[in-house]
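Beneath this line is the structure, given in structure tokens, with notes to follow.
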Amino acid sequence: MCDVCREAVVNPICPSCITTEIEAWLVLYPNLNRELMPRLERFLEKIKHKTDATKCIQCKNKRAAVCPYCFTSHVLDNLKELKSNNVIMTEFFEFFNFDLHHTGYTKEAERLGLI
């Protein structure tokens, strides 16, 4: 179960693996990298020792205590707080959109013309 939404983690990719991918993307944006990564690291530290986490399909560790949708929603909130521009926001949605049913943050992205 996801610690945030309390739904089953049906796409078990852990926040740590997603963060690794975000960090690779942020190489293109060093200023944003310096601002965003400490925020994500603090979030990861909070969920680090969850014993009831689901096994991640990428790293095989039991670290998927937060579903990809909730984690990327958290990242999106941070990008908004950091006043990221439309290019960055569009790329984020292209690379990290886990709103598979288009019922959550995708609607906002569509309204803003980001996707």
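Structural remarks
- Derived scalar couplings between HN and Hα for the stretch 3-10 equal 5, 9, 9, 6, 9, 5, 7, 8 Hz in order, rounded to whole Hz, by the Karplus curve 6.51 cos²θ - 1.76 cosθ + 1.60 (θ = phi - 60°), x for Gly and Pro.
- Between helix 15-25 and the chain: long-axis angle, C-alpha atoms, 0 to 90°, nearest 10: 30
- The number of Lys pairs in the chain with C-alpha atoms less than 15 Å apart, excluding pairs fewer than 8 positions apart on the same chain, is 5.
- Amide H contacts of Lys62: Cys56, each under 5 Å away and 5 or more positions distant or on a separate chain (H built 1.01 Å from N in the peptide plane; Pro and chain starts excluded).
- Three-way shape label, the stretch 24-72, alpha-carbon gyration tensor, a/c 1.5: prolate
- Helix 86-96 and the longest principal axis of the Cα set of the chain meet at an angle near 30°.
- For the peptides 61-74, 10-23, 36-49, the ranking by packing is 61-74, 10-23, 36-49, with the highest mean count of neighbouring Cβ atoms within 10 Å listed first.
- Sorted by Cβ neighbour density within 10 Å, fewest at the top, the residues Phe98, Phe93: Phe98, Phe93
- Estimated from helical segments only, the mean residue ellipticity of the chain at 222 nm is -16500 deg cm²/dmol, where each DSSP H run of four or more residues counts as -39500 (n - 2.57).
- Rounded tilt (10° steps) of 30-47 against the dominant C-alpha axis of the chain: 20
- For the chain, the Cβ-based charge dipole about the Cα centre amounts to some 400 debye (Lys, Arg positive; Asp, Glu negative; other atoms uncharged).
- Mean separation of Cα contacts under 8 Å (6+ apart) over length of the chain, as relative contact order %: 29
- Under the shape rule built on the C-alpha gyration tensor, where the axes satisfy a ≥ b ≥ c, the stretch 15-111 is oblate, since a/c reaches at least 1.5 while a/b does not exceed b/c.
Just so you know, all these numbers are worked out from the coordinates, no wet-lab data involved. Source: prediction; values computed, not measured. Counting neighbours? That spans all protein chains shown, and the Cβs are built from the backbone with ideal geometry, glycine included.
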